[in-house]
Every structure is written in structure tokens, then in C-alpha cells.
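> Submitted below is the structure of interest, expressed as C-alpha cells.
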Amino acid sequence: MRISTATFQNDAVSQMDALEAALQQTQTELSTGSQIQNAADNPIGAAQVNQMNVEVSATTQYVTNSNLANTNLGLEEQALSNATSIMQNAISLATEANNSALSPANRADIATQLQQDLQSLTSIGNSTDSAGNYLFGGYSNTSPPFTQSGGTVSYNGSDQVIQVQISSNQSISGGDTGATAFMNIPTGNGTFTVSAGSTNTGAASIGGGTVTNPTTYAAAEAAGAGAYTISFSDPTDYQVTDSNGNVVTSGTYTDGGSISFNGAQVTLNGTPAAGDSFTVAPAGTSSAFSALSNLITTLNSTNLNNGQLTTQINAAVQQIQNSITNFSNVSASVGARINAITAAQSTATSVTTTLKTNISTLQSTDYTQATTQLSSEELALQAAQESYASLEKLSLFNYIQG
């Protein structure tokens, strides 16, 4: 088989071109620190790197989301703590006001302090984050969720809260609505409320009461018992009737004694007058603002006797305590979400580290190997060039002359 000079030259040039291309590729890898310059260099590896980069980007976004949610939840937690402090102060003021030795003017002074507490609580409900968004507005977080008109505070926010994605398969509530935190709070003991008759003339007051037999109480309510009225025909004799006028029970009352009926029990203190009455009605919901507002109204009233005053103060204090309990429950939920964020961020950090390590393994240049390879390629190219130059000088004439 004959190999022409042209064929020899073409093969030699092609070989040197290939060696030069390989040398240039190795030099590029060393200068850029990456062994994959384009998909053609390593199609499978490039695809894997692209996919992992997408995952790193998504994980980074989850961490960003988590950081923002964590900050806002921390602000909410502090707001709820501040609200709790205000309500605890209100209980102290109510206890101070529940003293028959105080004059109406004294109680009015306490009511003024409580009015400041009401304004402060409204301000807390309108707390904002660093971007000026209202923490308790839900979706409607660009305008104040609460507005106050006199002693009435209204909620204008959304009933839905923004969900924040903190991992590929987990999202959390980025806050709580004002309705959840401040508005929809059970009244009384959660089952029923108590009140003193507006025409009472005696000195008796009624406490919050308890449910001693939930099944019996619920059965009576299901049968239509509704609200109950405790009526006194004289300072010691009473009877309890339901909303249909049916007599449920009757008996003799002693100061500080309990009255039980249909799975419920209430305690009265003081001496009632003939014709006095007290109502036990199904509980509903109210707001933390109303708890303060009702207490303010009670303390500003000048036509309540001691029994009515004590009953209304006790009811307001119970509602304030219910508000504190609700703040605590919401705060516990916030804490659980913060813990979930911490766990998600830990996982995201681990995943990101693993992905970046895998990307580096596939993409980054192994400098030791590449340097050795560069030296080998330089030697190979040099040898090819010298060999070509030597053979290029040979001809049949030179061979004959030799």
C-alpha cells in the first residue's frame, strides 16, 4: 500500500491540529477552573450540572423565603408579647377598681388609663414589618387592619393569610390575621357567660361559673334550654328557669354558695334583694378590644350598684384572660412555625452543600491532573511537530544521494 506525500502531510497536520485542540482545551480548563465549557465537552455531565444548578437556585429561594417569614414571625411574636403585657396591666387595674371604697371619680381615672391601653392595643394590632406591610392584615396587608372609633375597634383585614414556601414540599402561614389573634375570642368560660340583671338592687355578684357535666349541659342545650335565669324571690330563695320558662331547679342560697343546674355551676357572693336576677347564656365570641372597652364602660358608669359593678368587672377580667390565652395559643403556633423554618433551613443548607459539592466534582478542574495532562500534551505536540519537520525534509533524491 502506497502513502502519498500529500496523504502523509494531511495526516500529520490533522494529528497536530488534534493535539493543539486538546492542549488548548486543557489550558482553558486551567484558566477558567471549569472542565465543562459547553454541553459538547460532557453532555451528560452538563445536563446534570444544569439540573443541580436549578435545584440550588430553588433551595436558595426557599432560604430567602424562610428568612423573611422568620423575621416577620419574630415581629408577630413580639407584638403578641406586648399585647399580653397590656392585658395583664388591665387585669391589675381592674382588680384595683373592684373596690367598693373607690369613688366614681377614682374608677373614672382608672378607666382613663385603660383607654390608653386600648389605644396601645390597637397600635399593636396595626404593627408593620420592615417593608411597611401590616403583620395582622392577612392578604390585605397594605392598609391598617384595625380602625378605632371611640371605644369600638373594627377589623378591616383579610381572613386569609399569605402562605410561604420554605421547601419543595412544605409551606407555612407567614403570619396570622387580626381576626385570629384579636377578634374571634370565646366569651365567658367558653361555654356560657353570666351577667347581673340591670334592675338588681341587692349586693350580690355572680362569678364566671363552670361546666361540671358537659354531656348533661350539651343535651339540655340541644333540647332548647337556651339561656337560664336565676331569680330571687327573697335574699335566700331562688329558682332557675330556662329560656322557655321551665323551672330547672330551685333552692336556698347562702352567701358564697354555688347553684347547680343541668351540668352547670355558678357561685354568687353577697346578698341579693327580692326580685334580683342573674342570667347564664350560651357563650359566643368577642374581641380583645371589646374586653377593654367593656371594662372602661363599666368603670365610667355611675349607676351600678356594688353587685352589678363586681359582676361586670369579673366578666371583663375573664374576657381579658381569655384574650391572653388566645395570644398565648397564637404565639405557640408562631413558635412552632419558627421551629419548622429552622429545621427547613438546616435541611436546605445541607442539600445546597451536597449539590455544590456534586457540581464541583463534575465541573471544576482537577488542577493536578490537568497540569500533568498539559505537560504530556505539550510534549506530544512538540514531538509531533519535530517529527513532521524532520520527515518534511526527506525526499527520494536525498535518499539516492545518501
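What follows is calculated from the coordinates using simple rules that are stated; it is not laboratory data. What you see is a predicted model, and the numbers here were worked out from it, not measured in a lab. Every residue, glycine as well, gets a Cβ built from its backbone with ideal geometry; the counts of neighbours run over all protein chains shown.
> For Ser195, what residues show an amide H to amide H distance below 5 Å, using hydrogens built from the backbone and excluding near sequence neighbours?
Thr279
> May I ask for the net charge around Ala273, where only other residues with Cβ less than 15 Å from the Cβ of Ala273 are counted and Lys, Arg are +1 while Asp, Glu are -1?
Value of the local net charge: -4.
> Okay, moving on. So who's got an amide H within less than 5 Å of the one on Val248, skipping anything under 5 residues away but keeping other chains? H placed 1.01 Å off N, in plane.
Distant-sequence amide H within range of Val248: Val240, Thr241, Asp242.
> Still on this structure, please answer the following. Please work out the FRET efficiency for the pair Asp109 and Thr64, using the Cβ-Cβ distance as r and a Förster radius of 51 Å; give the result to the nearest 0.05.
E(calc), rounded to 0.05, equals 0.50.
> If you don't mind, another one. Determine the gain in length on full extension of the stretch Ala273-Asn306; use 0.36 nm per residue of separation and subtract their C-alpha separation, reporting nm with one decimal.
Full extension of this stretch gives 10.6 nm more.
> Figure the gain on full extension for Ser243 and Ser92 (residue separation times 0.36 nm, minus the Cα-Cα span) and round it to one decimal in nm.
50.8 nm
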